[in-house]
Ligand code: SF4
Ligand code: SF4
Ligand code: SF4
């Protein structure tokens, strides 16, 4: 009878390969903390589900993020020093938020730092933390476009010479577990994209998931394999060459600056919070914030993208014709058929059937009226 008291599934559940994992999340790149704020809106899974043990199979997760932590000062920093000294007692995932400045281009001062070196009393630069912790981490994740590719801080003319994490560590860099850097771009990162990627890596640490699939820009393939356009609620307008000329229109936004057709991002499918939102779906042009070329290659933001004038002109010829034909068909199928009426006369085309002496059907069958059906050619 002892088995009867074991909750369903628990008896066969595989134990994680490690009991605990720490997540050390540095927001001290050149950053606005927007990615840490963004993940508070995650629900698939939520940060709370990850750290409170609500997800089956996960090791116990300890999150150390300065924006989200209860601890401050030494109480917060002690985990960083323990990780540096290899005394955490559990594997850790290192998350970098914000672009990585080039500390080599100046003779004094520093661009970004976190905590203090106990020996010297000097700030520990973000670059030094990366140098110290990345080789010891189970996995290294760049959160947001600043950390992945440099982002806004790495625009032309910037004084810091900043870059993405892979530019700093090397694109072929591997963690001690053999994992490449994992890039989760977005400005800010889409909340569920970030927590789902963390979840995947935690499952991998637990021995319950294979190596994470990444594209050549080190993005999770299942999250960034499609374009904004391919998931956009307005794609039907694009295909019919029905373009908005001003904000507030429900039509396709390509003429007023949307880069969706050439941008890898899933927010038009996934939404932003709890499935709701996703830039063009709710009226905002896509400015390519997930892309390695962001922002320089997408500016000025409000102009029609260069390739869009050609593609929208070509789609225009096809789209206007198709829209007209569909309009005709739509008008037809929006009317009821004529035989639905009151009166003593039956006009449906029905003809009674009579039977011969041996029961075989004799009557000819009159074809049903075709009035009201749209021509096959218009059903496109
Ligand atoms: Fe802020 Fe955007 Fe940079 Fe994230 S990627 S730190 S949200 S500017
Ligand atoms: Fe494509 Fe943008 Fe138009 Fe949506 S609004 S259909 S993403 S061009
Ligand atoms: Fe960024 Fe475009 Fe995705 Fe919006 S739709 S999050 S602007 S890449």
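Just so it is clear, none of the values below were taken in a lab; they were calculated from the coordinates. Just so we're clear, the structure is a prediction, and the values are computed from it rather than from any experiment. Cβ placement follows ideal geometry from the backbone for every residue including glycine, while neighbour counts extend to all protein chains displayed.
Full extension of the segment from residue 273 to residue 44, taken as 0.36 nm per residue of separation minus the current Cα-Cα distance, would add 81.5 nm. Gain on full extension, evaluated as 0.36 nm per residue between residue 247 and residue 116 minus their Cα-Cα distance, stands at 42.3 nm. Our summary gives region 82-171 a relative contact order of 38 percent, counting only alpha carbon pairs under 8 angstrom and 6 or more residues apart. Each of residue 105 and residue 320 was given a label point 7 Å from its Cα along the Cα-to-Cβ line. The distance between the two points is 4.9 nm. One chain, two ends: residue 310 and residue 350. Fully extended at 0.36 nm per residue, the span grows by 9.0 nm beyond their Cα-Cα distance. If R0 equals 30 Å, the separation of the Cβ atoms of residue 233 and residue 301 corresponds to a calculated FRET efficiency of about 0.90.
As a proxy for reagent exposure, 77, 317, 299 were ordered by neighbouring Cβ count within 10 angstrom, fewest first; the result is 317, 299, 77. Counting only the Cα atoms, the chain fills a convex hull of 271 Å³ per residue. Sorted ascending by nearby beta carbons within 10 Å, beginning with the fewest, 87, 219, 119 become 119, 87, 219. Here the Debye sum runs over all C-alpha atoms of region 96-154 as equal scatterers in vacuum, and log10 of I(q)/I(0) at q = 0.16, 0.22, 0.28 Å⁻¹ comes out as -0.56, -0.98, -1.23. Calculated on C-alpha atoms, the gyration radius of region 1-131 divided by its Kirkwood radius gives an Rg/Rh of 1.09. Apply the a/c threshold of 1.5 to the C-alpha gyration tensor of region 270-320 and tell me whether it is rounded, prolate or oblate. Oblate is the answer for region 270-320, as a/c is 1.5 or above yet b/c matches or exceeds a/b. Look at where the Cα atoms of region 94-109 and of region 24-92 average out, and the two centres are 21 Å apart.
Among 341, 153, the order by Cβ neighbours within 10 angstrom, fewest to most, reads 341, 153. Cα centroid separation, region 123-146 to region 170-185: 11 Å.
Only Cα pairs under 8 Å and at least 6 apart count here; give the relative contact order of the chain as a rounded whole percent. Averaging sequence separation for qualifying contacts and normalising by length gives 14 percent for the chain.
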